[in-house]
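The values are calculated or read from the model by the stated rules, or taken from the named source; none is laboratory data. Nothing here was measured: the structure is a model prediction, and the numbers come from that model. Virtual Cβ from ideal backbone geometry, glycine too; neighbours counted across all protein chains shown.
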Amino acid sequence: MDAYVHVRGLSKAFPVRRGVGQVLRGEHPVVHAVRDLDFDIAQGETVGLLGESGCGKTTTGRLLLKLVEPTSGTARIGTRELAGLKGAALRDFRRDVQFVFQNPFDALNPRIQIGRSLAEPLINAGVPKAEHADRIRLVLERVRIKGVELLERFPHEMSGGQLQRIVLARALVLEPRFIVADEPVSMLDVSVRAGILNLMRDLQDSLGLTAIYISHDLALVRYVARRTMVMYLGSLVEDGPTEDVISRPLHPYTRALIAAVPLPRVSQTRDPLPLRPGTPDARKVGAGCAFVNRCPVAIAACTAERPPLVTLPGGRRVACHLMPAATQPRPPVTLSPAL
Amino acid sequence: MSLLSVRDLAIDYATKGGSLHAVSRGTLEVGAGEVVGLVGESGCGKTTLARALTGVVPRNATFEAGEIVFEGRNLLGRPVSEWRDLLWRKISFVPQSSMNALDPVYRVGAQMDEVLRLRGGMGRAQARERTDELFRMVGLDPRRGTEYPHQFSGGMRQRAAIAMALALQPALVIADEPVTALDVIVQRQVLDTLRDLQARLGVSVLLVTHDISVVAYVCDRVVVMYAGEVVESGTARDVLETPRHPYTMGLTNAFPDLERAGGTLAPIAGGPPDLRHPPRGCRFAERCPFALARCRAETPPLVVAPNGHASACWRSDEAPALSELAKDPSTWTLTSTSAA
Ligand SMILES: Nc1ncnc2c1ncn2[C@@H]1O[C@H](COP(=O)(O)OP(=O)(O)OP(=O)(O)O)[C@@H](O)[C@H]1O
Ligand SMILES: Nc1ncnc2c1ncn2[C@@H]1O[C@H](COP(=O)(O)OP(=O)(O)OP(=O)(O)O)[C@@H](O)[C@H]1O
Ligand code: SF4
Ligand SMILES: [Mg+2]
Ligand SMILES: [Mg+2]
């Protein structure tokens, strides 16, 4: 089957400011925001993207929508190769794909009223003026905002959650084919959130929307995405059906992540996480596994060599030296009693 | 005595369509060394209330009533200069938009350094050491202090804002959704840091969040708002395990729980009232499955039980029975039946 999103070797490095020593030595330090991503997404599929803060999730999304250019690698969305896309073809692409920005406070022009922000994509896409009001009303209903009075407000006159829904509405108003939603409901309480999540499910079904759903909230990812990818410091470390990733995480980072999920109950165990202390650093590019300094089960090979992302029998993918493709995908070691 | 005691605070915004009563019964206490959660639906007035405690409010906002007593002094009505003086030193604020806490044109480390030296009176070396320590405290590599805010990811900015608020070890940290952009591991690290500061230094924290799990993990007490009013408050255990207000019952119910698989979420049907024309009586009545005729006519007062558990509902005495009903999702799909 032909994938709708096809990504190979996609990488992005940002240059960072050099220290005096580095200038003298002629070094050019970079942050490896995203390294060597390989994945496919089928048409109509929704994939959750999880990972540590700063691991490259937003950068991945921006690369896929051609909001930044990769340092190397290729990406294809639908029939379009992103490299070299320009002019009319790029404009068409921009109509079909949308990015829901992570921070709603930054996503909207502070000097423009909400109503105009919502009309803008319609104007750019050449939708007849007569249709604007109806389409805006419809999309606001979908994101559960009521009151056209809000359209006259400026962004700073709205609450965080209200803004977040406006940003989502703006992305959906053109009925895109592919969206990257970056923490789209992080500021919403459960009652509003449930409605939006149900909306996302509907769109998947009715419009065949393909989506990447970036979130740190596992319960949420499970609600909208059957498949989940996990990143750590720029690399994909795990990929598989969401239920399996949650109930039987394989990569040591994913295990720590699952163990850290807080529960909505007052009495809960606060076991220490299966992690060694340490700060992840996207500047250091060691030869080994990016997780090695925090991994509780690292072996010698982990420092020496980067583990490739291997496909296990059954189709799950994981990048860890302790997870040889040849054996059954059973966790070879117990990390902590909590798991 | 409480460190902070807010009573019947009312705050309006002037809008084109008239006054919007964003907060109309802001009543809460934060004891010394306490972590208090402030929860409620999007748009219910959490940010308005929290930000008001710093004295810095949007231009179209006015204080209509109430008092804000901090360390025994009512701050409302005092000159703003006096209030501002407390900021950073005694009260610090982490805004909901972390970008607002950071100046985009200065390097992150330099901003931290400025707070420490200018406001904290530290020397160069001491400030430098403390900056590194604060960075590590929130899981950031100190070497990245040389970068600008736009070079940070969303969660990194949020953590820098938190570090900044903790810089001078204030008596009260007010944090508006401080962990929304953080993965659960970093989130736990930040919450543990707050807990630790509370335990070691007696720092008090008012934590605005919509996340019940965060409340359950870190808060001693919790305050629940609905449509501008505080409708319930008490210890985290009392409020989450034996809620007395139907809104709280609905809230704790609709939360996805990783340990309990499957199922669809049961949201509370309907939406909040228009705060320019709040309804008579209980503001939750329109969505409340347990509303009676009285609920639509008279405003239920915030009544404090002997154990300190406060709630504003005419049917609070029946809470245990209502709570059982609330656990059934179908309770929330029916529109209120007993509107007699
Ligand atoms: N414009 C930029 N210039 C320099 N570095 C950048 C830039 N954008 C991102 N980075 C760096 O790239 C890395 C990945 O950032 P990204 O925003 O993709 O992370 P993220 O996974 O979305 O994190 P979060 O969950 O905190 O939003 C980070 O170390 C970040 O500081
Ligand atoms: N400057 C302003 N002018 C007019 N109305 C405002 C202003 N700021 C906020 N509001 C309105 O006041 C109400 C309360 O907003 P507030 O930001 O306090 O909500 P919140 O509880 O923090 O919500 P969220 O969880 O979505 O951040 C909302 O209806 C909002 O639209
Ligand atoms: S006062 Fe009445 S309407 Fe309001 S929450 Fe209680 S039962 Fe429901
Ligand atoms: Mg991001
Ligand atoms: Mg808010």
Wholly enclosed helices (runs of 4 or more DSSP H) of the range A:85-155 bearing at least 1 residues within 14 Å of another protein chain (Cβ to nearest Cβ) and either farther than 26 Å from B:ASP274 by Cβ or under 23 Å from the mean Cα position of the chain (by Cα) (or both): A:104-107, A:129-142
The range B:167-181 residues that are within 14 Å of chain A (Cβ to nearest Cβ), paired with ones that are assigned to a strand (DSSP E or B) and away from ligand 1 (no atom under 14 Å from the Cβ) (beta carbon under 6 Å, 6 or more apart): B:ALA175/B:VAL94; B:ALA175/B:LEU207; B:ASP176/B:VAL208; B:GLU177/B:VAL208; B:PRO178/B:VAL94
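Residues are listed down the side, and each one gets a yes or a no for (1) closer than 19 Å to B:LEU325 by Cα; (2) at pLDDT 95 or above; (3) in contact with a strand residue (DSSP E or B) (Cβ under 7 Å, 6 or more places away or on another chain):
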| position | (1), (2), (3) |
| --- | --- |
| B:GLU229 | no, yes, yes |
| B:HIS245 | yes, yes, yes |
| B:ASN253 | yes, no, no |
| B:PRO256 | yes, no, no |
| B:ARG260 | no, no, no |
| B:ALA266 | yes, no, no |
| B:PHE284 | yes, yes, yes |
| B:ARG296 | no, yes, no |
| B:LEU302 | no, yes, yes |
Residue, nearest to B:TYR13 (Cα to Cα), within the range B:60-100, restricted to residues that are free of Cβ contacts under 8 Å to residues at least 60 places away in the same chain and in a strand (DSSP E or B): B:ALA61
Residue check, B:ASP103 outside any helix (DSSP H, G or I), surrounded by fewer than 22 Cβ atoms within 10 Å (Cβ to Cβ) and among the acidic types (Asp, Glu): yes
Flag for A:GLY48 being surrounded by 14 or more Cβ atoms within 10 Å (Cβ to Cβ) and in a strand (DSSP E or B): yes
Pair list, Cβ < 9 Å and 6+ apart or interchain, from the range A:114-130 residues that are within 18 Å of A:LEU150 (Cα to Cα) to residues that are loosely packed, with under 11 Cβ neighbours inside 10 Å: A:ALA119/A:LYS129
Residue match in the range A:19-26 (condition: of a type in the set (S, T, N, Q) and touching a helix residue (DSSP H, G or I) at 6+ places or on another chain (Cβ under 8 Å)): no
Every residue from the range B:64-85 that is in contact with a strand residue (DSSP E or B) (Cβ under 7 Å, 6 or more places away or on another chain) and within 25 Å of B:GLY33 (Cα to Cα): B:GLY66, B:GLU67, B:ILE68, B:VAL69, B:PHE70, B:ASN74, B:LEU75, B:LEU76
Sole residue being within 16 Å of ligand 5 (Cβ to nearest atom) and either assigned by TED's automatic domain parsing to the domain that holds B:GLY31 or among the hydroxyl-bearing types (Ser, Thr, Tyr) (or both), chosen from B:THR180, B:THR146, B:THR193: B:THR180
B:LEU53 in contact with a strand residue (DSSP E or B) (Cβ under 8 Å, 6 or more places away or on another chain) and at pLDDT 95 or above: no
Selection status of A:GLU52, more than 16 Å from ligand 1 (Cβ to nearest atom) and of a type in the set (Asp, Glu): no
Residue match in the range A:124-137 (condition: under 30 Å from B:PRO104 (Cα atoms) and not acidic (Asp, Glu)): yes
Answer from B:GLU34, B:GLU41 - the residue that is farther than 27 Å from A:ARG193 by Cα and either more than 16 Å from ligand 1 (Cβ to nearest atom) or surrounded by 23 or more Cβ atoms within 10 Å (Cβ to Cβ) (or both): B:GLU34
Residues satisfying the stated conditions in the range B:210-238, i.e. in contact with an Asp or Glu (Cβ under 6 Å, 6 or more places away or on another chain) and not charged (D, E, K, R): B:HIS210, B:VAL224
Of the criteria (1) farther than 22 Å from A:LEU233 by Cα; (2) surrounded by fewer than 20 Cβ atoms within 10 Å (Cβ to Cβ), which one B:PRO142 fails: (1)
The one condition in (1) crowded, with 21+ Cβ neighbours inside 10 Å; (2) more than 9 Å from ligand 2 (Cβ to nearest atom) that B:GLU71 fails to fulfil: (1)
Candidate set from the range A:243-271 (those that are in contact (Cβ under 8 Å) with a residue 12 or more places away in the chain and of a type in the set (Gly, Ala, Ser)); member that is nearest to A:VAL292 (Cα to Cα): A:ALA256
Yes/no for B:VAL222 being more than 8 Å from chain A (Cβ to nearest Cβ), touching a His at 6+ places or on another chain (Cβ under 6 Å) and at pLDDT 95 or above: no
Per-region count, the range B:162-183, residues more than 18 Å from B:VAL35 (Cβ to Cβ) and within 15 Å of ligand 4 (Cβ to nearest atom): 2
A:VAL173 vs. criteria within 16 Å of ligand 5 (Cβ to nearest atom), at pLDDT 90 or above and buried (at least 16 other Cβ atoms within 10 Å of the Cβ): no
Selection count where residues are touching a Ser or Thr at 6+ places or on another chain (Cβ under 6 Å) and either assigned to a loop (DSSP other than H, G, I, E, B) or of a type in the set (Lys, Arg) (or both), scope the range A:18-42: 1
Selection within the range B:28-51 - away from every other protein chain (no Cβ under 14 Å) and among the aliphatic types (A, V, I, L, M): B:LEU28, B:VAL30, B:ALA32, B:VAL36
Filtered residue count, the range A:23-48, keeping only those that are within 14 Å of chain B (Cβ to nearest Cβ) and over 26 Å from A:ALA287 (Cβ atoms): 1
In the range B:156-166, the residues that are in contact (Cβ under 8 Å) with a residue 60 or more places away in the chain and either in the same structural domain as B:GLY72 (by TED's automatic domain parsing) or more than 16 Å from ligand 5 (Cβ to nearest atom) (or both): B:ALA160, B:ILE162, B:MET164, B:ALA165, B:LEU166
